[in-house]
Each structure stands twice: as structure tokens, then as C-alpha cells.
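Heads up: the structure comes next, in C-alpha cells.
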Amino acid sequence: MNVSIPTVPPSPTQDTSALLGAMRRGELLVATCPSRQVLQHLTSRWGVLVLLVLETRMHRFSALRRAIGGVSERMLAQTLQSLEGDGLVDRTALDVVPPHVEYRLTPLGLEAAEKVRGLADWIETSLPRILQAQTDRRP
């Protein structure tokens, strides 16, 4: 005799997003999960800023560096290499003298930029409240 146990569908208040499901399985929280490295690349200060600048259009290295105040040449190069390795940035070396290299977002990079843009926009619009909260918490 087979006994069937009915499954209960999730209620409308339960979040069934893929992210929450992955977190419940523990994959995103496991130290060896490869998503951690991508998360680091995307959410680093320079990674976010590169995505935001390249979201608007293609940039050459020097123009990208000028657009992102405070980034060193070394950090920008490392960030671009990481994002390129993750398939978020395309690097095109032009065969001209002097050599030019152009960077643009891939379709995957555009998706990522849209996501971090939401966070960046929230930070910008919430900054007065954040600064007030910081002031209120100082001894």
C-alpha cells in the first residue's frame, strides 16, 4: 500500500525566490561556493563603480579611470580583469598606434549593472537618513 503525503504549496507570504531557495540549501553560505568570488567582484567598491560607468557606454581605460575618482591604475586593471573573467566586461584591443583598449559591458554585465544600480540609487536617495542615523549613534 502506497501512502501519498500531500505537499503544501507555499503561501503567498513565503518568498520562493531562487536566491532564498539557494540560501536555504546553504550553497551561497558555504565558504567554497564559487558564487562568493563573483559576489566579491560585483560588490567591491571598484566593481560597482566600474559597472555603473560602463552601463552608460564603452570607455577606454584612461577615460574609465578619470570617471571613477580615487581608483588607482592597478586597482582598476585588477577589477576589469576580474569582471572580464566573470563574463561581465568585454575588452577590445584596437590595432592602432598607440594601442587603445576599450571596455564595455556584456549582456550579462548589463544585467548585473541594473541590479547594482538599484542599490546605488537607494544609497544616494537614502544618504541623508543614513548620515543622520550615523550621527544619532555617535557617543
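The values are calculated or read from the model by the stated rules, or taken from the named source; none is laboratory data. A quick note: this is a predicted structure, and the numbers were derived from the prediction, not measured. As a convention, Cβ positions derive from the backbone with ideal geometry for all residues, glycine included, and neighbour counts pool all protein chains shown. Remember, those area values only see protein heavy atoms, side chains included, never the ligands or the DNA or RNA. Shrake-Rupley method; radii C 1.70, N 1.55, O 1.52, S 1.80 Å.
Evaluate region 26-46: report whether one residue or more is at pLDDT 95 or above, open to solvent by 50 Å² or more (accessible area, probe 1.4 Å) and not in a loop (DSSP other than H, G, I, E, B). For region 26-46, residues at pLDDT 95 or above, open to solvent by 50 Å² or more (accessible area, probe 1.4 Å) and not in a loop (DSSP other than H, G, I, E, B): absent. Summed over region 64-95, residues that are among the polar types (S, T, N, Q) and surrounded by 13 or more Cβ atoms within 10 Å (Cβ to Cβ) total 4. Quick one: would you say THR125 is part of a helix (DSSP H, G or I), of a type in the set (S, T, N, Q) and loosely packed, with under 12 Cβ neighbours inside 10 Å? Yes. Do we find that GLY109 is out of contact with any Phe, Trp or Tyr (no Cβ under 8 Å at 6 or more places or on another chain), within 22 Å of PRO34 (Cα to Cα) and not in a helix (DSSP H, G or I) in this structure? So GLY109 fails the test. Among the residues of region 96-110, are any free of Cβ contacts under 8 Å to residues at least 40 places away in the same chain, β-branched (Val, Ile, Thr), farther than 12 Å from LEU51 by Cβ and open to solvent by 40 Å² or more (accessible area, probe 1.4 Å)? Within region 96-110, one or more residues are free of Cβ contacts under 8 Å to residues at least 40 places away in the same chain, β-branched (Val, Ile, Thr), farther than 12 Å from LEU51 by Cβ and open to solvent by 40 Å² or more (accessible area, probe 1.4 Å).
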